[in-house]
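Engineer: First the structure, which I've put down as structure tokens, then a few questions once you've had a look.
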Amino acid sequence: MADFMKILQQAQQMQGRLQEMEQELQGKTVSATAGGGMVTVEADGKGQVKRVKIDASVVNPADVEMLEDLVLVAVTEAQRKAADLAKQEMGKLAGGMNLPFQLPF
């Protein structure tokens, strides 16, 4: 029973650290570019897009589809980077726990 209580206590500590980590992730920034830097997207560590910067040279009313593709690529990459950052932080969090099982991240 003592082992179960230890695991429960560790889980409660992990929950507190997880909440702290989520707040920290919101304060971190990742960025991604597309089109050789023509489109830049910044997102927080949770993947929420915070800023999109588009170079005026790619704004062509005759080729809106290309601009849409560049924005999509940059947003997708920024969100992937945010997910990687979150996974890395989660790994640090789980690494300090002596759990008798593996976590899925």
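Engineer: May I ask for the angle, rounded to the nearest 10°, between helix 64-95 and the longest principal axis of the chain, with both axes built from Cα atoms and the value confined to 0 to 90°?
Structural biologist: 20 degrees
Engineer: Can you divide the C-alpha Rg of region 1-96 by 2.2 N^0.38 Å and report the result to two decimal places? Mind dumping the intermediate values first?
Structural biologist: Values: Rg = 19.2 Å, N = 96, 2.2 N^0.38 = 12.5 Å.
Normalised Cα radius of gyration, region 1-96: 1.54.
Engineer: Sticking with this structure for a sec: Give me, ordered by chain and number, the residues 5 or more places off K50 or on other chains with an amide H under 5 Å from its own placed amide H.
Structural biologist: For K50, whose amide H was placed from the backbone, the distant partners under 5 Å are E42, A43, D44.
Engineer: Continuing with the same structure: Using only the alpha-carbon atoms, how far is helix 2-27 inclined from the longest principal axis of the chain? Give it as 0 to 90 degrees, nearest 10.
Structural biologist: Rounded to the nearest ten degrees, it is 20.
Engineer: How would K81, K46, K87 rank on accessible area, largest to smallest, probe 1.4 Å?
Structural biologist: Working: K81 75, K46 105, K87 125 Å².
From most exposed to least exposed: K87, K46, K81.
Engineer: Over the chain, average the accessible area per residue using a 1.4 Å probe and give it in Å², no decimals.
Structural biologist: Numbers: 7250 Å² over 105 residues.
Accessible surface, normalised per residue, equals 69 Å².
Engineer: Top to bottom by accessible area (1.4 Å), largest first, where do M5, M21, M38 land? Working shown, then result.
Structural biologist: Values: M5 105, M21 15, M38 55 Å².
Largest accessible area first, the residues go M5, M38, M21.
Engineer: Given R₀ = 22 Å, FRET efficiency for Q48-A11 by Cβ-Cβ distance, to 0.05? Could the numbers behind the result be given before it?
Structural biologist: Values: r = 27 Å, r/R0 = 1.24.
Working from the Cβ atoms, E equals 0.20.
Engineer: Given a 1.4 Å probe and every protein chain left where it sits, what share in percent of the accessible area of the chain is carbon and sulfur?
Structural biologist: Working: 3810 of 7250 Å².
Of all accessible area on the chain, carbon and sulfur atoms account for 53 percent.
Engineer: According to the Kirkwood expression over distinct Cα-Cα pairs, how big is the hydrodynamic radius of region 28-79, in Å?
Structural biologist: Values: mean 1/r = 0.0921 Å⁻¹.
One over the average 1/r among Cα pairs gives 10.9 Å for region 28-79.
Engineer: What is the magnitude of the charge dipole of the chain about its Cα centre, with +1 placed on the Cβ of each Lys and Arg, -1 on the Cβ of each Asp and Glu, and no other charges, expressed in debye to the nearest 20? Don't skip to the end; give the middle numbers.
Structural biologist: On the way: 11 positive and 14 negative charges, 100 e Å.
Value, rounded to 20: 480 debye.
The values are calculated or read from the model by the stated rules, or taken from the named source; none is laboratory data. Given the structure is predicted, the values throughout are model-derived calculations rather than measurements. Note: ideal-geometry Cβ built from the backbone for every residue, glycine included; neighbour counts use all protein chains shown. With ligands, DNA and RNA removed, areas are computed over all heavy atoms of the protein, side chains included. Shrake-Rupley method; radii C 1.70, N 1.55, O 1.52, S 1.80 Å.
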